[in-house]
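Here's the structure, in structure tokens; my notes come after.
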Amino acid sequence: MSQQQKPDTPAGRTNEGAPANLTHGAGASVTMPARGPEPQPRGAVIRGNHPIDQAEAAKRFMAAPEHLAMHDQRLWDLRQKRDRQKDQIEEWEELRQLASDIKTHTLTHLDTYLEMFEKNAKANGVHVHWAKDAAEHNAIVLEILRSKNAKRLIKSKSMLTEECGFREYAGEHGIEVVETDLGERIQQLDDEAPSHVVVPAVHKLRTDVAAVFARTMGTDPNDCEVTHLAEEQRDHTRPLILSADAGMTGCNYAVAETGSVVVCTNEGNADLSANTTGLHIVSAGIEKIIPKLEDAAVFVRMLSRSALGSPITQYTSHFRGPRKGGEMHIVFVDNGRTDRLGLEKFWTSLKCIRCGACMNTCPVFRRSGGLSYGATYAGPIGLIIDPTFNRHKYSTLPFSSTMNGSCTNVCPVKINIHEQIADWRRVLSENHEIPAFKKSMMKAAGMLLASPKLYRASLPVADSALRHLPRFIVYNRMNTWTRGREMPHVPKETFHQWYKKNRGKKGKKS
Amino acid sequence: MSTESRAAIFAAIRANRPNIQPPLPDVPFFDTNAPADLVPPFVEMLGKMGGSVLEAKDGDPIAALRAAITDKGIIATCVPELHGDPSLRIRAIRPDMAPTSLADVEIGVVRASFGVAETGTVCLTDDELIVNTSGFLPQHLIVLLDPKQIVANLHHAYNRPEMRSHNYAVFQTGPSATADIEGVLIHGAQGVRSLRVLFCPA
């Protein structure tokens with residue numbers, strides 16, 4: 001790293017890649033300064049079942065100014081691209097409501113539609129498997145691979161296989177897994193989890209990528225031209241793809257009425273993974289089911305617009321049966337989803353289509369990086385999904401939010417993410433899963449907020465304190481809120497004081 | 001274990017699903033503002049998504065196609081408009097060819113079953129691709145599209161009969177692309193580096 005040179009070209013919207021006027025896919029719509037090299041901040045420290053210290057990892061991310069600035073600018077640009085796209089679609093809010101309603105209906109009739117899918121897929125010649133947890137998923141896939149004597153597996157991006165720890169498992173059992181998505185491949189070569197559901201290596205500078213490729217593929221560590229890096233990966237991975245024995249994809253939507261699987265990618269790697277070898281294995285969460293093809297239109301119109309601000313992914317691929325002479329399998333995975341379906345406050349999190357819009361808009365995510373969450377799902381959606389996997393280990397995550405509600409506003413399936421974050425805080429505190437310090441603070445706040453009199457009495461004191469207290473008391477180590485934040489300017493009087501003075505007791509101006 | 005797990009999963013769904021019966025909404029076509037001529041919006045979106053139009057000079061699309069492939073290396077043709085010709089390095093794709101045998105192809109020539117104006121998308125199916133890898137193993141792709149076969153938006157696209165009758169159908173929009181490194185847009189991630197659409201009645 002130390003001998004690496006500083007990049008000499010800006011990134012983002014430059015003409016070193018595709019024509020500079022194009023911003024489709026995950027392409028940036030802004031020019032970003034040349035940044036790095038700088039040592040890459042790593043993710044949360046995992047200590048067994050011990051609660052993740054997201055704040056500690058976030059602090060290290062914020063202490064890396066080049067990474068922080070790039071990450072923040074890059075994700076905010078995706079959010080702004082998303083806004084520009086939705087503004088062009090007159091029926092956007094109607095689509096969101098439809099998407100949410102379709103998911104509500106499907107999740108409350110999940111057994112019916114899974115049975116319908118199974119029947120239709122089998123009629124199309126697809127083998128359907130069922131796994132109640134990650135271990136079963138991995139074992140089923142391994143068995144299929146062994147039945148075909150497959151040694152090398154090419155794969156497109158799938159969050160479910162991350163959730164199941166499939167890659168490690170396959171490696172331990174003699175299967176060579178080759179990720180074919182550029183971002184995912186970078187992360188695989190760096191032995192690091194994806195930091196974002198859509199752009200897995202978004203936390204890395206190109207100098208980091210150059211270092212990873214130099215270490216693992218023997219390329220020049222000083223060549224951090226993005227076009228060269230992408231080309232190196234294409235050249236390096238293509239022979240592996242052509243000599244693979246089996247292919248694996250995730251599943252964005254499983255259409256019950258046709259028994260077909262829809263997979264969205266920008267690189268075309270689901271098509272490569274599914275069609276190049278004679279064996280296509282699909283990993284799908286049971287919640288990916290949708291009733292009809294007409295429903296697919298609603299989700300496909302919103303997925304890439306929400307995720308990247310692009311009208312559609314370059315490839316939206318529909319697999320209804322095996323290719324000529326090939327074999328196709330689908331493994332439906334529960335892994336906690338049926339438990340989640342029974343959680344009154346949290347079951348609607350199963351509507352998630354993994355677009356990542358909530359991550360792009362979240363001020364905490366943008367400033368701390370996805371790996372700081374130490375879990376498969378990061379960002380706002382992660383805060384409400386991760387505790388369903390392990391309430392103790394992920395008990396701290398719902399506190400990594402400013403509760404600004406932006407995640408809820410951008411969610412294409414209208415999950416009330418910020419309200420569920422608040423509900424998780426309550427559930428976890430009732431189950432004694434929150435640290436004692438946070439708990440005493442919240443108890444005090446609870447007393448104050450429960451009593452209008454006490455609350456009003458406390459406000460001028462707090463405002464006055466903010467005005468007069470020396471900085472070191474407000475911005476101290478105990479007050480995690482002010483780390484990396486400036487407190488707002490304090491008004492001279494509270495609204496109630498102003499109202500009393502100007503409007504009097506009867507609400508009339510005095 | 002799969003059979004037992006299947007039973008366990010269905011039992012858990014039935015025990016845990018919220019006890020409400022909301023209806024499945026009908027999805028409208030959202031096409032009231034669609035223009036009569038869908039070619040211009042298709043072309044505009046195709047361009048924004050990184051694709052381009054192969055212009056047919058003097059109204060002869062096949063002449064334009066021949067000009068575009070001459071001396072460009074190995075050509076794979078999946079269309080009757082262009083015959084295989086070993087002397088011109090034009091390979092006619094047959095169903096019995098191995099998927100990986102297309103790896104050395106410079107330009108693939110295929111026909112789309114339809115296009116989508118909303119996104120500049122072309123739909124390629126297994127019948128038209130003959131060997132599915134024809135769509136993404138070549139370095140470049142030329143797609144023949146009948147301008148009469150353009151639908152207004154994705155709602156209409158999903159209403160097409162092709163979506164129910166093919167084992168494989170891909171909505172391809174522009175070339176393969178990535179911007180996984182600092183947002184720099186690259187054409188030709190793992191699939192085709194360029195995609196040109198040639199308007200050509202079927």
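All of the numbers you see were taken from the coordinates with simple rules; none came from a lab. Fair warning: this is a prediction, and the values are worked out from it, not measured in the lab. For neighbour counting, all protein chains shown are included, and Cβ atoms are generated from backbone atoms with ideal geometry for every residue, glycine included.
Over 22 Å apart: what share of the alpha carbon pairs of the range B:131-201 falls there, rounded to a whole percent?
35
With the cut-off at 34 Å, report for chain A the share of all Cα pairs above it, as a whole percent.
Taking all Cα-Cα pairs of chain A, the fraction more than 34 Å apart is 41 percent.
Taking the Cβ of B:PRO41 as the centre, find all other residues whose Cβ is under 14 Å away and add up their charges (Lys, Arg: +1; Asp, Glu: -1).
Around B:PRO41, the charge tally is -3.
Which value in nm describes the separation of the simple spin-label points at B:SER52 and A:GLN97, placed 7 Å from the Cα toward the beta carbon?
According to this spin-label approximation, the distance is 4.4 nm.
Please give the calculated 222 nm ellipticity per residue for the protein assembly as shown, where each DSSP H segment of at least 4 residues contributes -39500 (n - 2.57) and the sum is spread over every residue; nearest 500 deg cm²/dmol?
Using -39500 (n - 2.57) per qualifying helix, the result is -12000 deg cm²/dmol.
Taking the Cα atoms only, what angle lies between the long axis of helix A:206-217 and the longest principal axis of chain A, rounded to 10 degrees?
That works out to roughly 30 degrees.
Within 10 Å of each Cβ of A:88-96, how many other protein chain Cβ atoms are there on average?
2
Taking the Cα atoms only, what angle lies between the long axis of helix A:417-430 and the longest principal axis of chain A, rounded to 10 degrees?
Result, in degrees: 70.
Taking every residue in A:63-74, how many Cβ atoms of other protein chains lie within 10 Å of its Cβ, on average?
1
With a Förster radius of 60 Å, plug the Cβ-Cβ distance of A:GLU172 and A:THR9 into 1/(1 + (r/R0)^6) and report the FRET value to the nearest 0.05.
After rounding to 0.05, the efficiency reads 0.90.
Would you mind checking A:LYS81/A:LYS351; A:LYS345/A:LYS393; A:LYS103/A:LYS204; A:LYS151/A:LYS292; A:LYS86/A:LYS351 for any pair whose Cα atoms are more than 26 angstrom apart?
A:LYS103/A:LYS204; A:LYS151/A:LYS292
Quickly work out the A:ASP83-to-B:VAL39 label distance, labels modelled 7 Å from Cα along the C-beta direction, and quote it in nm with one decimal.
Here the modelled spin labels are 3.8 nm apart.
Can you put A:SER317, B:SER134 in order of Cβ neighbours within 10 angstrom, beginning with the fewest?
B:SER134, A:SER317
Only four residue types carry charge here, +1 at the Cβ of Lys and Arg and -1 at the Cβ of Asp and Glu. Report the dipole size of the protein assembly as shown about the Cα centre in Debye, rounded to the nearest 20.
Once rounded to the nearest 20, the dipole reads 3740 debye.
Sort B:161-172, B:15-26 by packing, meaning the average of other beta carbons within 10 Å per residue, with the highest value first.
Ranked from most to least packed, the peptides come out as B:161-172, B:15-26.
For the residues A:TRP347, A:TRP130, what sequence is obtained by ranking on other C-beta atoms within 10 Å, fewest first?
Ordered by Cβ neighbours within 10 Å, fewest first: A:TRP347, A:TRP130.
Counting partner chain Cβ atoms within 10 Å of every residue's Cβ in A:260-270, what's the average?
6
Give the relative contact order (percent, whole number) for chain A; include only Cα pairs under 8 Å separated by 6+ residues.
Computed value for chain A: 19 percent relative contact order.
Between A:ARG215 and A:LYS324, what is the FRET efficiency for a Förster distance of 51 Å, r being their Cβ-Cβ separation, to the nearest 0.05?
About 0.80, to the nearest 0.05.
Count charges around A:ASN120 for me, please; just the other residues with Cβ under 13 Å from its Cβ, Lys/Arg as +1, Asp/Glu as -1.
Local net charge: +2.
Taking the Cβ of each residue in A:PHE166, A:PHE365, B:PHE42 as the centre, tally the other Cβ atoms inside 10 Å and list the residues starting with the fewest.
Ranked by crowding around the Cβ, least crowded first: A:PHE166, B:PHE42, A:PHE365.
What are the extents of the Cα atoms of the range B:38-199 along their three principal axes, listed from largest to smallest and rounded to whole Å?
43, 40, 36
Note down the nm distance, to one decimal, between modelled labels 7 Å out along Cα→Cβ at A:ALA135 and at A:PHE495.
Output for this residue pair reads 5.4 nm.
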